[in-house]
1. May I ask for the distance between the Cα centers of segment 104-164 and segment 264-284, given as a whole number of Å?
2. For segment 132-273, what's the radius of gyration and Dmax over Cα atoms, in angstrom?
3. How big is the charge dipole of the chain about its Cα centre, in debye rounded to the nearest 20, if each Lys and Arg gets +1 on its Cβ and each Asp and Glu gets -1 on its Cβ?
4. Using label points projected 7 Å from each Cα along Cα→Cβ, tell me how many nm separate ASN245 and LEU110, to one decimal.
5. Just to check I understand the Karplus step: with θ = phi - 60° and J = 6.51 cos²θ - 1.76 cosθ + 1.60, what whole-Hz values come out for segment 51-60, glycine and proline as x?
6. Mind jotting down the distance between the C-alpha centroids of segment 57-73 and segment 312-349, whole Å?
7. Along the three principal axes, how long is the chain when you take its alpha carbons, biggest first, rounded to the nearest angstrom?
8. Tally Lys and Arg at +1 and Asp and Glu at -1 over the other residues with C-beta under 12 Å from the C-beta of VAL299: what net charge comes out?
Amino acid sequence: MKRVLVVFGTRPEAIKLAPVIHRLRDCGDAVALTVCSTGQHREMLDDTMRALALTADLDLRLMQAAQHPTDLLGRLMLALRPVLEDVRPDVILAQGDTTTVMASALAGFLAGVTVGHVEAGLRTRDKRSPFPEEINRRVAGVTADLHFTPTARARDALLGEGVPEENVYVTGNTVVDALQWIRRRVAENPPGDDLDLQGRRLVLVTAHRRESFGGPFRELCEALREIAERFEDVELVYPVHLNPNVQKPVREILGDCRRVRLIEPLPYDTFVTLLVRAYLVLTDSGGIQEEAPALGKPVLVLREKTERPEAVAAGVVRLVGTNRERIVAEASRLLSDASAYAAMAREVNVYGDGRAGERIVEVVTQGRMFTAPFEPSV
Ligand code: UD1
Ligand code: UDP
């Protein structure tokens, strides 16, 4: 029997680890599974877990209002050591590039446990963008023993850093498994999104990145305002991240804006339902850059750099930064030029095939990947 500890703390980690956790739970006696939420997020994580039918065996409840990553890291390290001592896992699994991931990988390494990193090998090569995620995932990279990369490009990045080839598995991104799972669930049990857009085109917006806080974030909000003012037949819907550094500028700049709807963060099933209804997506999110191409929705990425260039190369995602004129120009083009829009509104399968969870669990439980590595199809 393998003792496996899975740790997550934020909304995207729960979404992307759900397929792995569900599969590990199905392993019966072959796996003794402990699921630990660090509670880096609270409300946003609770809603997500409910939508994904996820439960945690341990909840460290670490979130504090307006937390600083340094303070959170301190709390995480102190809280994870006793968890590792109690559970004594053979393998600890963490996903992505949050503070929870850096702490879990480091604490696992220090406890002498095999560390598995899901969504390994993403890089911009700029340690300040995204901040602090680029460093979080590099720390996870140097401490991990098993590297589950979404794409061949991510594998090559790790090989270039000296990670032995036999420790790297190209699994695809588990977000595609999660998306397929939630779409089946939504089809059986629609979450009832009651947004009446009165025939307007839906532009779905999310933005929350720390490296944009301050001037760039305000500029990005100004751009959203201008788009809403320019196009009477669109409605911008923005589920606003609960970080106070996001809430304040968004409400100040967009609070009274016609055709901009600021709403609470949505549970995953409702959010995916809106994504399916969307005409265009404006986001700085990592996960949404992966989900929207799988649904054929064009994306403008409100960041200066992305570690997910595959969909950009496929021509369905554009990196537009946080400059107001650039965002307005690129969005206006897609909202008024049908052929430019059609060129980007294509479903591509560059991040996964829905079998990433299966591949990861094969490696964790049997020591090798029996399913062939993920291959993209554009
Ligand atoms: C974190 C991750 C980021 C990820 C994002 C996903 C780090 C450094 N950042 O950023 O990589 O893209 O999660 O959303 O790990 N808050 C609530 N309720 C919640 C969640 C957050 O009130 O359910 C507020 C709190 O005031 C909290 C603040 O948001 O202190 C920031 O949360 P934190 O997890 O530190 O950073 P995020 O910006 O959410
Ligand atoms: N998401 C959600 N509700 C929302 C906004 C996003 O469920 O209101 C989902 C989205 O589908 C994606 C994930 O949350 O899977 C992205 O999380 P976030 O943008 O917070 O983090 P990132 O991906 O940038 O790390």
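Bear in mind these aren't lab numbers, they're just calculated from the coordinates by the rules spelled out. All values derive from a computational prediction rather than experimental measurement. Cβ sites come from the backbone with ideal geometry, for glycine too, and all protein chains shown count toward neighbours.
1. A separation of 28 Å, based on Cα centres.
2. Rg and Dmax of segment 132-273, Cα atoms, are 19.6, 55 Å.
3. In debye, rounded to 20, the chain gives about 360.
4. Placing both labels 7 Å beyond Cα along the Cβ direction yields 2.4 nm.
5. Karplus values, whole Hz, x for Gly and Pro: 5, 9, 6, 9, 10, 10, 7, 10, 10, 7.
6. Taking the Cα centre of segment 57-73 as reference, the centre of segment 312-349 is 36 Å away.
7. 60, 42, 42
8. Net charge in that neighbourhood comes out at +1.
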